[in-house]
Structures are given as C-alpha cells and as structure tokens.
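Worksheet: one structure, shown below.
The values are calculated or read from the model by the stated rules, or taken from the named source; none is laboratory data. Predicted model, so just to flag it, every value in this text is computed and none were measured. All Cβ positions, glycine included, derive from the backbone under ideal geometry; neighbour counts span all protein chains shown. The accessibility values were calculated without ligands, DNA or RNA, using every heavy atom of the protein model including side chains. Shrake-Rupley method; radii C 1.70, N 1.55, O 1.52, S 1.80 Å.
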Amino acid sequence: MDTLIAWILRAIPFGTIIMYGAMGEIVTEKSGNLNLGVPGIMYLGGFAGFASAYLYENTAQNPNMVFCVALALVCAFLAAMAGGLIYSFLTISLRANQNVTGLALTTFGMGVANFFGVYILDGRTATQSMVYKTFQTKLPVLSGWGVLGQTVFGYGFMVYAAIVLAILLHVFLNRTRTGLNLRAIGENPATADAAGISVTRYKYLATCLGAGISGLGGIYYVLDYNQGIWATTGQIEALGWLAVALVIFTTWKPLNAIWGSYLFGLLYWLYQFMPTLMGFSVPGYITDLIQMVPYVVTIVVLVVTSLRKKREDQPPASLGLAYFREER
C-alpha cells in the first residue's frame with residue numbers, strides 16, 4: 001500500500017505539469033495553429049516565474065509570500081504569452097511554416113531560459129527560492145485525512161487549479177459563442193471569415209492565451225515539483241513533448257486532459273515502482289523502454305481514432321495550415 005501511495009504522489013504532480021502544457025496547446029490547436037514550441041514556452045514561463053520570485057525575495061526586506069506567488073504566476077504567464085506572440089507573428093502575419101517555427105521556438109526558449117537562469121545564479125547550477133513552500137502548501141484540513149488526504153488532497157494549489165481550468169476550458173469551447181467561433185476557425189477559417197469572424201484576431205488571442213497556460217506548467221515544475229531549484233537538466237523539454245503527445249491522446253478535449261495527464265504520470269514512473277509492486281527487478285536498460293510507454297499509448301490512440309473516423313475525435317481540419325484570405 002505504501003508503494004502504491006508513493007506512486008500516486010509522484011504521478012499526480014508530474015501529470016499536472018504536462019496537463020498545463022496540454023491544455024494550452026489544445027486552445028492553440030483549436031484555432032488551427034500547430035505550435036510545437038510548447039517545451040520552449042514552458043521554459044520561458046518557468047524561468048520568468050522563477051527569476052521574478054528569486055529577485056523579489058532577495059531584494060525585499062520583508063517579502064510577502066502571497067504577493068511573491070502572484071508575481072511569479074503573472075510573470076510566467078506573460079513571458080509564455082510573449083513566446084506565443086512571436087510564434088503568432090511569424091506564422092499568422094508572415095505565414096511562416098508552423099512546424100519549423102515551433103521547433104525553433106523550442107530551441108530559443110530553452111536557450112534563453114538556461115542562459116539567463118545561470119546568469120542570475122551567478123555561475124552556480126542551482127539555487128533555492130523559498131516561495132516553493134507556499135506553492136507546496138497543502139489543503140489545511142483535508143490533507144490530514146489519512147490515505148485519502150495524502151493521495152487526493154496532499155498537493156499544492158496549482159494541482160487543483162489545473163483541474164478547475166480544464167473544466168472551464170471545456171465549458172468555454174463547447175458552451176460559449178467565443179469558444180464555438182474559435183472552433184469554427186480551426187475547422188474552416190474561410191467559412192468563419194465569410195461569416196464575419198475575425199480569423200486573425202482569434203488566432204492571435206488563442207495562440208497567446210494557450211502559450212500563457214502552457215507557461216504555467218513551467219512555473220509549476222520549478223517552484224513546486226522541483227522545490228524552487230533551477231537546474232539545466234532538460235527535464236522541462238521532455239515534459240513539453242509529453243504535453244504535445246497528451247493533446248493527441250486526449251483527442252483535443254480539455255476534460256480528457258485531467259485523467260490522461262495522471263495516467264501519463266503513472267506510466268512514466270512505472271519503472272521506479274514496478275519492482276516493489278510486481279515483485280521482480282527491472283534491468284537498467286529496460287528503464288528507457290518503460291518511459292516510452294506514454295508515447296506508445298499515444299500512437300495507439302492516434303491509430304485507433306484514425307481508423308474509427310469519428311469526427312469529434314479528429315484534429316481541427318485546418319490544423320497546421322496557414323490561412324490566405326485571398327484564396328477564400
């Protein structure tokens with residue numbers, strides 16, 4: 001039982017990181033933009049939130065932790081939105097190739113974040129920001145309810161914020177005029193344009209907002225999951241690609257991102273708990289193969305949904321295609 005609890009406690013925070021990345025990318029892809037720069041955007045969000053919290057703590061005489069958390073979240077969101085704005089300008093206004101632009105944004109975000117992260121740390125590879133304790137604060141009463149309190153209520157506030165955000169995005173995309181307009185643009189921008197919907201404005205807003213949401217995954221990784229430590233290990237990049245895979249796994253539905261992200265977390269950490277749970281040891285060379293399981297599951301889901309050809313499980317029809325109004 002203790003091993004199972006430890007597995008869940010490891011999987012849920014891990015899944016929350018990729019849930020933020022996936023939800024942001026779902027919003028972006030619903031507009032028809034395929035942004036493969038999610039890892040770089042998460043880097044930008046993680047660095048901006050970490051740097052703002054670190055500098056505030058080290059310059060203020062009596063730092064207020066609530067203000068510090070708010071500052072970190074806002075800075076992470078804005079920095080990630082800036083990355084989304086760069087992508088939007090290149091792909092929407094200049095009509096650059098979306099795949100190449102996204103990959104370039106990943107490299108750019110990772111390079112900028114690591115360069116300035118080490119610069120702020122004055123040559124050290126890692127430091128610790130005390131604001132992480134506020135991020136990790138558990139629900140005061142519920143977290144003490146034995147096993148249930150540990151596994152369900154024993155996390156920081158951003159875990160529950162991610163669930164609420166997924167529900168709000170579901171309502172937004174399926175129950176509001178703005179959300180339905182956004183989906184219409186992703187399916188057929190020419191028809192939406194003819195109906196009087198501003199394709200360019202919706203694409204810009206959706207891409208920047210989606211990037212901002214993805215950036216929250218970066219700040220959650222640094223100031224909660226990684227306990228306020230900035231390290232140049234490349235882990236955020238790996239999580240960003242898992243977030244992109246999760247978008248496909250969830251068939252572009254925010255609600256599916258909730259359980260899908262936790263499932264990815266369980267599968268990713270399976271290698272660490274398999275020896276105790278199943279009673280046999282795992283050779284070291286098998287570890288990497290086990291960590292591939294989330295990607296393999298995504299491929300299986302992609303194949304199955306493609307064969308079933310249910311329209312509601314397919315990506316937006318104009319995903320990855322630049323819109324030329326002159327060709328309408």
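Over the residues of the chain, the helix contribution to mean residue ellipticity at 222 nm works out to -23000 deg cm²/dmol, using -39500 (n - 2.57) for each DSSP H run of at least 4. When only alpha carbons are used to place a centre, region 60-105 and region 1-44 end up 16 Å from one another. Structure remark: mean-square fluctuation, Gaussian network model of the chain, C-alpha springs under 10 Å; the largest value among V171, V159, V247 belongs to V171.
The listed residues R175, R201, R183, once ranked by accessible area (1.4 Å probe) with the largest placed first, stand as R175, R201, R183. Ellipsoid semi-axes for region 1-113, based on the Cα gyration tensor and the rule √(5λ), read 28, 22, 11 Å when sorted largest first. Taking all protein chains together and a 1.4 Å probe, the residues I290, I299 rank I299, I290 from largest to smallest accessible area. The accessible surface of the chain, taken with every protein chain in place and a 1.4 Å probe, is 66 percent carbon and sulfur. Ordered from largest to smallest accessible area (heavy atoms of protein chains, 1.4 Å probe), the residues V296, V66 come out as V66, V296.
Protection proxy ranking of 254-262, 95-103, by the mean of other Cβ atoms within 10 Å over each peptide's residues and highest first, is 254-262, 95-103. Amide H to amide H distances under 5 Å link T137 with F157, where only residues 5 or more positions off or on other chains count and H is placed in the peptide plane.
Solvent exposure of the chain, expressed per residue, is 46 Å² of accessible area, with all protein chains present and a 1.4 angstrom probe.
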